[in-house]
Each structure stands twice: as C-alpha cells, then as structure tokens.
Amino acid sequence: MNRYSVLYSPKFVRQLIYMLQSVEYDTWQYLRWFWLQGDYSELKNKRTKPTPKSRLLVFSGAVIYLVLASVAAWLFLWLVSDSSLPRTLLLVGFLALIPVLLAHLLAGVSFIGRWLIQKPLEIIRKRRIKDVFSDHPGKVIVIAGSYGKTSMKHMLGAVLGAKLKVAATSGNFNTPAGIARFASSLSGDEDVLIVEAGEYRPGDVAFICDMVNPDIGFITGVNEQHLSHMKSVANALTTVFELAEALPEKAALYVNAESQHLEGHIQKADLAYSRDGITGFKISKFATNLGGTKLTIKPKKGQGFEISTSLMGLHQAGPIAAAVHLADSLGLKPAEIKKGFNSMEAHNRRFKPQEIDGVAVIDDSYNGNPDGFLAGIEFLKRLKAKRKVYVTPGMIELGRLSPDAHFAVGQKLASSGVDLVILNKNPATGQIDAGLKAGKYKGETAWLGEQDNFLEHISDFTQKGDVVLLQNSPRERFFYL
Amino acid sequence: MSKQNVAVVFGSRSTEHDVSVITAISGVINPLKLSESYQSVPVYIAKDGRWYSHPDLAQVEFYRDDLDKKLAKLKPLQLKFDGGLWLVSTGLRASKTKIDIVFPATHGTNGEDGSLMGLCQMAGVPYVGADLVMSAISMDKLASRRVAQAGGVLVPNYIGFSDKEFSKDKKQILKDIGRLKYPLFVKPTHLGSSIAVAQVKNERELLNALEVVFHYDDWAVVEEAVPNLVEVTVPIMGNKEFEIGMVEEYLYKPGEFFDFDSKYLKGGKGKKGGKSSGQGGGRYSRMPAKISKELYKQCQETVERVFYLLGASGYARIDLLIDSKKGLVYFNEVNPMPGSLQSHNWREAGTSPLKLVEKLIELGLERQAGHDKRTTSFDSSFLSQF
C-alpha cells in the first residue's frame, strides 16, 4: 500500500486512533500530528491498545468512514446522471477531502466524548477513589516529577517491602484510570500505598493528590521532558509542586537536590537528597559498575552500614539516601533496609544490565529525558570496556528545547570515551551529531533507519567485549518535532 | 559522500542453495545496513539459474512460502558489462544500477567453485573473497590436498579417484584402499557442507558410501581417520598480510562427526554466535579451542601456510584435524565461503560482523586495484603473419 491508497483504506481509521491514543487524546497534538505526518504508510504496522475508549472510537470511526463512503457513492451517481464540470469538481474535491474529514470528525468525536463521557466518569471515579483512600489506614506516598518516578516507586516498594506490606500503582499507569484500578485492588490492610502521579497537563498532580490524600511526597526532578504539552519548565515546576501544596503541614517532602531546575524551589523543611546523602544520613565509599552499586550510609547518630544493590550509576545515590531515610522513619532497621536493597533488580528497560551474545548491554530504553541521558553517559564514561557503544533514537516531547538538549547530549558523548555512536535517523539525532562534531568526537558514528530496533541487529554491529548503552526506543517522527 | 554499491550474489544452482540465502542475508546484507561506505544490492540466482534483484530478496521470509509465485512477479535481471558491471531492470520503470563490487555469497557448485569469480574477473569488476584459482582449488578436495602436501603440510593418508576409474578398475582401487587403515572417511571431491560424507569401518560400508558419493559427484576421496581427534576450524583473511580468527573447536559426541545435520539442522551455524539450541542441545563449537598453547600456535601457522599455498587471496576458513595424543596437525579442507562468513568467530576475536564485511570489501577493492596496475596487453607483430 502506498502513501495515497492508505488514506482511503479502512486501516486508516485504526491509524488515526493509534495516533489519538499515543498523544493521550490531546486533540490539538493529534491534529498537529495529522498535518505533519505526510506519509501514513509508515504507520501501517501500528496497533491501538484495546481499551473501552479506543473501541468506542473504532466504532465511531467505522461509522464515519461508511457515511463518507456513502456520500462519495451518492455524489458519483449524481455525477453519472449529469456529468457537468461543477459536479465533477465537487466529486473530485470531496474524494480528496475524505481523509481530512475523517481525521477531523474523529477528533470531534474524541473531543466531545472527553467532555460528555470521560469528565463525568472521572468525577464519579474520583469520588470512589477518595472514599477508598480516606478509609485506608496505610501511609500514602505520592511521587511526582518529570522523570525517575517509576524507578523511585520501585525502589521504595522493594526497601519498605522488606518489613511492611506495600502496594504500588503498577507499571507507568499513573493516570486517574490507573489509580482507580489500583484502588479497587487494595485489600485494606496495606501499611504503605505508593502512588505515581503522572503530569501531562497543569492540574494533573493536584487532581491525583485530591483523590489520594498523600502523607508523604517525593519530587524526583523536573526537566524538559513533556515540554511539548507543558509548554514551559515553569509550568512543569508548578504542576509538580502541586504535590507540596497537597501535603499536610509538616509532612515529609523528599526533593531531588541534583535536579537543576529545582534549585531555588527547595524549602528548608524539605528533605533534599543527593549523592552526598540526605538530612541525617551521609553517603561515603560509593562504587558503581556493571555488577551493581555499593555504598556506605551513616546516620548522624549511630553506626554506618553498607548497602549493596544491583542498580547501577552515580545517579542512584540520592534516591538510595532518600529511601533509607524514609525506611528509617517508618521503623525499619538497617538489616531490613539492606535486605530490601539486596532483593532489588533493575526495572525492565530502566538501566537494566543484561548480556546478549557476549555483549554487556545496559538497557535504558525507557529513558527519554535529558537528565537521565546525561547520567547514563556519565556511567558509560567511567566503565572499563574494550569498546563502548552508545545507541539512541534521541529524546521526545522536548518542544522548542529539543535542539539544545540533543546538542548537549552530543557534546557530552564526545568527551566520554565512546567508540561508536549509533543513531536512528530522525529530526532530533541530527542535533546529537552536531554536538558530537562540536565536541571534536574521535570515534565512529553509524545510522539506523528511523524505526529500526537496535536490539534486533545487535549481533551484526557488536563484538565480544563491547559494552552497549541503549537509551530510549524509536518513536514516530512526529514526537521528535 | 555517496555509498558504493555492493552486489551480494547468492543462491545459484547448487545443493547448498538454501545455506547461501542465510549467508547472504545474515552474514552480509544485514550487517551492511549500518555501513556508512557501502550499501548492499541483493542479487539472487534461483534454482533454475535465473537472476533477480529486488529489495524484498533481502528478507528471509521471502524464501519461506510460495517462492516460485513471488519470483514470477519479479522481472528477471539483466547484466551489462560496460566499463564495469551494471544491473539492468527492463520494462516501464527501467533502471540501471552500477555495481562497484560483487560480494559472492554462493556455496558449492556454480558460484563458490570459481564460476562467479571468473565472471567478475572477465568483467573487470572487483569482488570479495577468494579469487578464481583459489576458489577452484579449494572446492576440489583432491587438488587442495595435493597443494598442501606439496607445500610440506601434513595430510591424512588418502586416495582419490573418479567414478570412471572406479568402474573400470574397481579391484585395483579397492586394493589401494586396503593399504589405508580403517576407519576411513569417504567424501565427494567437489561438494561442501559435509554432504554425502560418510565414515566407514569395512569394505561393505565403503562400497555403499562410494555409491552415494558418485550419485552427487564424479570424483571421490577416501582417507584415513585421524585418531585421538580434535577437529578445529580457523578463518583467515588478507591479501599480503593476514589476519587470523580464533581457533574454533567442533564439539560432538564420540563416534559422531560434524555432518550436514549437525552443522545446519541442530541449530548449529544457523544461529548467530555459534550457539546451538536445537534438537542436539548445547553448543556445537567452542572458542578458543581447548588445546595446548603449542598446538594452538601450530594450528595458526598451518592455516597461514595453507592460505599462502593456495594463493593468499581474500578469505577462507580452513579445517584442521589434530591427533591430540601425538600433537600432529593435519590439513583437512578449505572453505572459501564459509556459512554466514563464520562471523561469530570474528566477533569473538573482536571484529563485529559489520567490520568483517567492510574489511573483506576493502580487501577485494585492494586486490582489483593491484590487478588494474598490471599490463595485460603485449605489442607484437604476431598478427602480421596472417
């Protein structure tokens, strides 16, 4: 199917719904994508996730498609009865506009559905969730931030889980619907509930906090991620700090002091954590490599103890300190804390080490934010390896700050001793290449196709002794614009 | 800078046709996807001898079902030798693609045996791998044994003969074979991938094995089995200076030998990295071979020597047989186009499949540059006599 015939096939409806789903039903982003996409045959293998919303849209799309096809057929018959030039032009014009009409009518259905169905449902859902959480005796921890939320949630779950009964929202389902599913799964006897609060628009974090009533808060960091719909870092900051507003007075708020954009926003009462430690706990003897991380953490009063975990990277030090502080405040002893860390494995696709065909691969393919990228490259820089390979399709949804962020990644790579940089060809990675050249990079650069998955070709491009860092995974070209 | 076109030629009329498809796609075409300097152009020779070129031919899935139907939809390819090699596609959307270098990825007859190399040489087109002479000798087990032996390399005691000789003078040939010690190996002279190779313990088995061999080939080699056997294989590449891969040891149960099934159907060579996960289970080889340092060095020296004797041109994988008790290294055979280029071996040695393919291409270009410098015309008054 070529780029023109695909616009008239029934599969085009599914492609449009896939796009709607991918931008989380943001009508303006969807329409922007529609006008920028160009060649829809590139999306031919994309699938929608089957949800009630998507099924309703598929049904609506099918109805719209049939109606448009019927109108086209009627116009054709009308033309056959009297083949005048105006009628011919009308038919041709209508046929040409069918894909546009289909896309916009579907946007209309989604928009109306959001206000007439989704919003009322959310209000009902919110009341139910509020009831569940207000009746629940457990401590509620909410985690907000542009990045690092799932990793922090995972860490807290493992460490606190060494002694306490812990339940956490699953995957990265950090939306009201995901939290509703989580609430209905609770048995009521959990000691700790961990909720990951997604922030897609201003007000999102406040909405979630209003439902769950947090007792403790974590702000993992703010950067340019999701800037394409947040519009500015200031908006992202305001949204994330809705958590601070929602906490009760004197409640613990843990804040990542290493996040540049949080500088100047951390209050004295906040628990700021970094690679040096946190209030009351100091970190020393930090060592990290492909085998994991070891550090010593010492409370102000009392004996220090060693923590050993399979997590890697200097950027783990601060979150480890925060997790230790929280665990201590909830009554866990050092032996229990150590056990919690020992039991941890890196979350899938989040800086997870694995061996593939004799090559050490650090799979960081879920990471798509500038701080995460730089932390990963810093880790790669410090590793000893026969050859260091770095692979990425770039970062998405950075809005107007995308060129600078990618350029900075390129410059960082240039001075990190990387031997081979492999980039997926798209609008963003051109800037990484520019950064490499500006940083006088001495290694090799190679290019994959836009949608090529490096892991499917890893054996062709690597050799024994390589260490590969893979950051983010390919998305459609629209997300890099 | 625009990329150079590399015509990857595979398939052909050969018993090893299917193996060639995998060699081409997984060994050459896939790695070249990341190359900044070269781009592959798949050129497939079907079992009936027709040539095709189309991007779909670069996918293994194309060859699985209804191959004939799919090929019928493609236009047969034409070759044009006009200041080099051009691939010509006729019809409404006619096109011409200039080929900068040919990468032969065929196995066995009508390709690996020197046929394809001869075509390229006549056209003055650079090509990758062993040259015409080395390919022809390597594909002939008798010829390669004679060359190795003449160069002072140990070979197991052997006898070679044609089917005509055998039917004319069977008694004498069996008498000559009687001087060899059983068990013996019976091999077709011109086939690879261990097709029709048999181990025999007595004359009855020998006769059966020869019948099978002469079904596939017109020449046979009968040789003594090496005792206390460790079988290894070593890839080597170069024109004037050589680069040697790992000495790789074949693994199999005592009493077995490394036949076609072990190589290809038990998840052996077909899987990347040389790891087998098929019916046989476990790995089919190990690198480096578990032998003493002295034997390891001896293997490398033997491989270098054999490669040099055969013409030292391009690329080969050389199989050796070791009597581990006596510490003797025997030459077994040469494979000028190993399956999937033996890339798993090079990967272990520190050369990625992409780098391997690019190096081989550079060697081919270097060799052609050397040929182009030579004078091939000679002024004389010979014609004035007629």
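The values are calculated or read from the model by the stated rules, or taken from the named source; none is laboratory data. Quick caveat, the model's predicted, so the values are computed rather than measured. Please note: Cβ atoms are built from the backbone with ideal geometry, for glycine as well, and neighbour counts cover all protein chains shown. Accessible surface is based on the protein model in full, side chains and every heavy atom, while ligands, DNA and RNA are left aside. Shrake-Rupley method; radii C 1.70, N 1.55, O 1.52, S 1.80 Å.
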Evaluate the distance, in nm, between pseudo-label points positioned 7 Å from the Cα of A:K298 and of B:L67 along their respective Cα→Cβ axes. 7.1 nm
Which order do the peptides B:50-57, A:265-272 take when ranked by the mean count of other beta-carbon atoms within 10 Å per residue, highest first? B:50-57, A:265-272
Using a Förster distance of 25 Å, the FRET efficiency for A:W35-A:D404 (Cβ separation, nearest 0.05): 0.50
Please report the equivalent ellipsoid semi-axes of the stretch B:273-386, computed as sqrt(5 x eigenvalue) of the Cα gyration tensor, largest first, in whole Å. 39, 20, 13
Can you tell me the relative contact order of the stretch A:328-452? Whole percent, Cα pairs under 8 Å, sequence separation 6 or more. 19 percent
With a sphere of radius 14 Å drawn around the Cβ of A:L401, what net charge do the other residues whose Cβ falls strictly inside it have (Lys, Arg +1; Asp, Glu -1)? -2
Pick out which of B:D100, B:D65, B:D163 has the largest mean-square fluctuation in a Gaussian network model of chain B, springs linking Cα atoms closer than 10 Å. B:D65
At a threshold of 8 angstrom on Cα-Cα distance, excluding pairs fewer than six apart, so keeping six or more, what relative contact order does chain A reach in percent? 11 percent
With all protein chains modelled, accessible area of A:K381 [1.4 Å, Å²]: 90 Å²
Crossing angle, helix A:11-22 versus chain A [Cα axis fit, 0-90 degrees, rounded to tens]: 30 degrees
Residues of A:453-463, mean number of Cβ from any other protein chain within 10 Å of their own Cβ, rounded to a whole number? 6
May I ask what percent, to the nearest 5, of DSSP beta bridges between residues of chain A are antiparallel? 35 percent
If each of A:Q267 and A:S187 carries a label point 7 Å out from its Cα toward its Cβ, how far apart are those two points in nm? 3.7 nm
Around B:A46, with a cut-off of 9 angstrom between Cβ atoms, what is the net charge of the other residues, counting Lys and Arg +1 and Asp and Glu -1? +1
Within 10 Å of the Cβ of an average residue in B:33-39, the count of other chain Cβ atoms is 4
Counting only GluC sites (Glu not before Pro) that sit in a DSSP loop (anything but H, G, I, E, B) with at most 15 other Cβ atoms within 10 Å, what is the longest stretch of chain B containing none of them? B:37-240
Dividing the mean separation of Cα pairs under 8 Å (6+ apart) by the residue count of the stretch A:5-119 yields a relative contact order in percent of 35 percent
For chain B, longest principal axis from Cα atoms; helix B:353-373 axis from its Cα atoms; angle between them, nearest 10 degrees, is 70 degrees
Averaging 1/r across every pair of distinct alpha carbons in the stretch B:26-100 and inverting yields a Kirkwood hydrodynamic radius, in angstrom, of 13.6 Å
So, R0 is 56 Å and r is the distance between the beta-carbons of B:K171 and A:A385; what FRET efficiency does that work out to, to 0.05? 0.30
The protein assembly as shown: equivalent-ellipsoid semi-axes (sqrt of 5 x gyration tensor eigenvalues, Cα, Å): 61, 38, 25
Probe 1.4 Å, protein heavy atoms only: B and A together bury a total accessible area in Å², to the nearest 100, of 1500 Å²
Could you work out which residue, out of B:D372, B:D140, B:D18, moves most in a Gaussian network model of chain B, that is, has the largest mean-square fluctuation with Cα springs under 10 Å? B:D372
Hey, what angle do you get for helix A:317-329 against the long axis of chain A, alpha-carbon based, 0 to 90 degrees rounded to 10? 70 degrees
Dimensions in Å of the stretch A:364-425 - Rg and Dmax from alpha carbons: 11.4, 38
If I stretch the segment between B:R374 and B:Q4 completely, what's the gain in nm (0.36 nm per residue apart, minus their alpha carbon distance), one decimal? 130.8 nm
So between A:D215 and A:R55, what do we pick up on full extension, going 0.36 nm a residue minus the alpha carbon distance? 53.9 nm
On a C-alpha basis, how far is the centre of the stretch A:390-407 from the centre of the stretch A:108-123 in Å? Whole number, if you could? 33 Å
What is the mean number of Cβ atoms from other protein chains located within 10 Å of the Cβ atom of each residue in peptide A:273-283, rounded to a whole number? 0
Over 18 Å between alpha carbons, listed pairs A:K11/A:K49; A:K153/A:K282; A:K388/A:K412; A:K386/A:K412: A:K153/A:K282; A:K386/A:K412
Mean accessible surface per residue for the protein assembly as shown, computed with a 1.4 Å probe while every protein chain stays in place, in Å²: 47 Å²
When 1/r is averaged over all different Cα pairs and the result inverted, which Kirkwood radius in Å belongs to chain B? 22.0 Å
Given the rule -39500 (n - 2.57) for each run of at least 4 DSSP H residues, summed and divided by the residues of chain B, what is its mean residue ellipticity at 222 nm, to the nearest 500 deg cm²/dmol? -8500 deg cm²/dmol
Angstrom value of the Kirkwood radius, inverse mean 1/r, which spans all Cα pairs in the stretch A:167-244: 13.2 Å
Describe numerically, in nm with one decimal, the distance between label points set 7 Å from Cα along Cα→Cβ at A:D276 and at B:L383. 9.0 nm
In order through the stretch A:92-103: 3J(HN,Hα) via Karplus (6.51 cos²θ - 1.76 cosθ + 1.60), integer Hz, x for Gly, Pro: 4, x, 5, 4, 5, 8, 3, x, 5, 4, 4, 4
So what's the back-of-envelope 222 nm ellipticity for chain A, counting only DSSP H runs of four-plus at -39500 (n - 2.57) apiece and dividing by all residues, rounded to 500? -13500 deg cm²/dmol
Taking R0 as 60 Å and r as the Cβ-Cβ distance between A:K130 and A:V92, the FRET efficiency 1/(1 + (r/R0)^6), rounded to the nearest 0.05, comes to 0.60
Alpha carbon centroid spacing (whole Å) that separates the stretch B:326-386 from the stretch B:170-206: 32 Å
Residues of the stretch A:327-356 with amide N under 15 Å of the 7 Å Cα→Cβ point at A:N453: A:349
Counting only other residues whose beta carbon sits under 13 Å from that of A:V192, what net charge do I get with K and R as +1, D and E as -1? 0
For the stretch A:361-373, just list the computed ³J(HN,Hα) in residue order, Karplus coefficients 6.51, -1.76 and 1.60, θ = phi - 60°, integers in Hz, with x standing in for Gly and Pro. 10, 9, 8, 10, 6, 8, 6, x, 10, x, 5, x, 4
Considering the convex hull of the alpha carbon atoms of chain A, report its projected area averaged over all viewing directions, in nm², one decimal. 25.5 nm²
Send over the per residue convex hull volume for the stretch A:136-342, Cα only, as a whole number of Å³. 117 Å³
With a 1.4 Å probe and all protein chains left in place, how much of the accessible area of chain A comes from carbon and sulfur atoms, in whole percent? 57 percent
